[in-house]
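A short write-up of the structure that comes next.
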Amino acid sequence: MKILFVVNNYYAPGNGLSASARRTVEGLREAGQEVRILSGRNHAAATPQPDYLLPDYHIPIFDKLVRSHGYKFAKRDKETIREAVQWADVVHLEEPFAIQWETARIAGRLGVPCTGTYHLHPENLFCSIHFGGLKLLNNTTLRLWRHFVFNHCSHLQCPTENVRNRLSRFHFRSNLHVIPNGIRLEPSIRQETDTEPSSFLVTCIGRIAVEKDPYTLLEAMRYSRHADRIQLYFAGRGPELEKLQRRCQAFFEKGIVRHMPVIQFHNRDELRQLAARADLLVHCAKVEVEGLSVQEALQQGVVPVIAEGPLTATSQFALYDRSVFPVRNARALARQIDYWLEHPQERRAAGKEYARSMQEYDIRRSIEALIRMFEAARG
């Protein structure tokens, strides 16, 4: 089967959507499918480049903000898009933006079926300009995405049940399939010890952005009984980096934390090693479609404490009540952190259980489900 993936910036480093697309394409190719990419240029290296290359699109005023998220948009080129669509048996849309709008329109004219993956909420975009709470704006945007892109997809991948429920409420016409994006299973490299540590490593992995809400973790240090022994580690980069650095410096200077929080971007292997050393993983995002970074970290036997709210699905990975807290509630987060740090034997046992629980998110299962979805789209 010839499958065309349409994504603005397929090679973007440090961007979860692009990383997920690359993993999925790799899995499809390993399963014997023929996949080509319609995308913007790979700016990270001279090669590889997409099979169908689109020029860069610079958004007036907001271009710097977009790039701070590790992302770039591609420009519509009708001739290139038409050539790509004519090659394909199935067109798969990874986003609801301009090149997907154009691709869906051309695919419809040529009679090539479209499928899609719902990777992000409108709030993921508008939180960066502090419009994430404007329901009218976000709901209108979702309806536009539905009309111009997703209703052209006969089948739509929803990474979580949370996503399917939302799209159902908005009356999407597509057949909605709950298919996790999936992770590549890796053995844990954690080395357990019974020695009581002099400090605790509490890490937060992901883009440093408004919707990821790293500030709630920092604020929780005001209420934690163990703040003087906690080393916070924010693994990521993004548009809120400088603001978070200033806030961390202020907390350190005021003595709220005794250890200066670390903020550092890491590659995938380094994140694996960090998760294996961490005592706790905290995920505060108030808008999250799935949370692949959390899944990958859990394989290393780290216990999570995850924000629970209407627009974040990551709490579905929690196995214990002590692993969730209400979104943006720093006091509740501090209570959960303190509980796990004060119960080391329970924490170690729970970590092993979390590592085992990730088996069900094996990307090979997701690839098999996606192939069935593509075959259904072809009829």
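The values are calculated or read from the model by the stated rules, or taken from the named source; none is laboratory data. These figures come from a predicted structure and were not determined experimentally. Positions of Cβ are backbone-derived with ideal geometry, glycine not excepted, and every protein chain shown enters the neighbour counts.
Go over the candidates Leu156, Leu176 one by one and state the one that is on the phi < 0 side of the Ramachandran plot and touching a Gly at 6+ places or on another chain (Cβ under 7 Å). If you could, list the steps in order and put the result at the bottom.
Working: Leu176 fails: touching a Gly at 6+ places or on another chain (Cβ under 7 Å).
Step by step, each of Leu156, Leu176 is checked, and only Leu156 is on the phi < 0 side of the Ramachandran plot and touching a Gly at 6+ places or on another chain (Cβ under 7 Å).
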> In region 211-227, how many residues are more than 14 Å from Asn329 (Cα to Cα) and surrounded by fewer than 23 Cβ atoms within 10 Å (Cβ to Cβ)?
Replying inline: 3
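Restricting to region 255-289, give me the number of residues that are acidic (Asp, Glu) and within 25 Å of Tyr223 (Cβ to Cβ).
Of region 255-289, the ones acidic (Asp, Glu) are 269-270, 279, 288.
Narrowing further to those that are within 25 Å of Tyr223 (Cβ to Cβ): 279, 288.
Final tally of qualifying residues: 2.
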> Within region 76-95, can one find any residue that is out of contact with any helix residue (DSSP H, G or I) (no Cβ under 8 Å at 6 or more places or on another chain), in a helix (DSSP H, G or I), farther than 21 Å from Cys158 by Cα and of a type in the set (Ser, Thr, Tyr)?
Replying inline: yes
> Looking at region 145-165, which of its residues are in contact (Cβ under 8 Å) with a residue 12 or more places away in the chain and part of a helix (DSSP H, G or I)?
Replying inline: Trp145, Arg146, Phe148, Phe150, Asn151, His152, Glu161, Asn162, Val163, Arg164
> Can you pull out the residues in region 167-210 that are out of contact with any strand residue (DSSP E or B) (no Cβ under 9 Å at 6 or more places or on another chain) and among the small types (Gly, Ala, Ser)?
Replying inline: Ser188, Ser198, Ala209
> Would you pick out the residues in region 166-211 that are in contact with a Ser or Thr (Cβ under 6 Å, 6 or more places away or on another chain) and in a loop (DSSP other than H, G, I, E, B)?
Replying inline: Ile179, Pro180, Asn181, Gly182, Gly206
>> Restricting to region 171-195, give me the number of residues that are over 17 Å from Val303 (Cα atoms) and either surrounded by fewer than 20 Cβ atoms within 10 Å (Cβ to Cβ) or in contact with a Leu (Cβ under 8 Å, 6 or more places away or on another chain) (or both).
In response: 14
>> Looking at (1) modelled with pLDDT of 95 or more; (2) outside the structural domain of Val327 (by TED's automatic domain parsing); (3) crowded, with 19+ Cβ neighbours inside 10 Å; (4) outside any strand (DSSP E or B), which one does Phe126 not meet, given that it meets all the others?
In response: (1)
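Does region 213-227 contain at least one residue that is modelled with pLDDT of 95 or more, assigned by TED's automatic domain parsing to the domain that holds Val302, assigned to a helix (DSSP H, G or I) and in contact with a His (Cβ under 8 Å, 6 or more places away or on another chain)? Lay out the reasoning, then the answer.
Of all residues in region 213-227, those modelled with pLDDT of 95 or more come to 213-227.
Then drop every residue that is not assigned by TED's automatic domain parsing to the domain that holds Val302, which leaves 213-227.
From what is left, the residues that are assigned to a helix (DSSP H, G or I) are 214-220, 227.
The next check asks that each one be in contact with a His (Cβ under 8 Å, 6 or more places away or on another chain); those that pass are none.
So far as region 213-227 goes, no, none of its residues is modelled with pLDDT of 95 or more, assigned by TED's automatic domain parsing to the domain that holds Val302, assigned to a helix (DSSP H, G or I) and in contact with a His (Cβ under 8 Å, 6 or more places away or on another chain).
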> Got at least one residue in region 266-281 being farther than 20 Å from Ala307 by Cα and in a loop (DSSP other than H, G, I, E, B)?
Replying inline: yes
> What single numbered condition from (1) in contact (Cβ under 8 Å) with a residue 40 or more places away in the chain; (2) outside any helix (DSSP H, G or I) fails to hold for Phe131?
Replying inline: (1)
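With the condition kept exactly as written, say whether any residue in region 291-309 is over 19 Å from Arg356 (Cα atoms), part of a strand (DSSP E or B), of a type outside the set (Val, Ile, Thr) and out of contact with any Phe, Trp or Tyr (no Cβ under 9 Å at 6 or more places or on another chain). Break it down into steps so the answer makes sense when it comes.
Looking only at region 291-309, we keep the residues that are over 19 Å from Arg356 (Cα atoms), and these are 307-309.
With the extra rule that they be part of a strand (DSSP E or B), the set shrinks to 307-309.
With of a type outside the set (Val, Ile, Thr) added as a condition, the list becomes 307-309.
Okay, now just the ones that are also out of contact with any Phe, Trp or Tyr (no Cβ under 9 Å at 6 or more places or on another chain), so 309.
Yes; the residues of region 291-309 include at least one that is over 19 Å from Arg356 (Cα atoms), part of a strand (DSSP E or B), of a type outside the set (Val, Ile, Thr) and out of contact with any Phe, Trp or Tyr (no Cβ under 9 Å at 6 or more places or on another chain).
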> Do you know which of the residues in region 102-123 that are part of a loop (DSSP other than H, G, I, E, B), in contact (Cβ under 8 Å) with a residue 40 or more places away in the chain and touching a strand residue (DSSP E or B) at 6+ places or on another chain (Cβ under 7 Å) is farthest from Arg372 (Cα to Cα)?
Replying inline: Tyr118
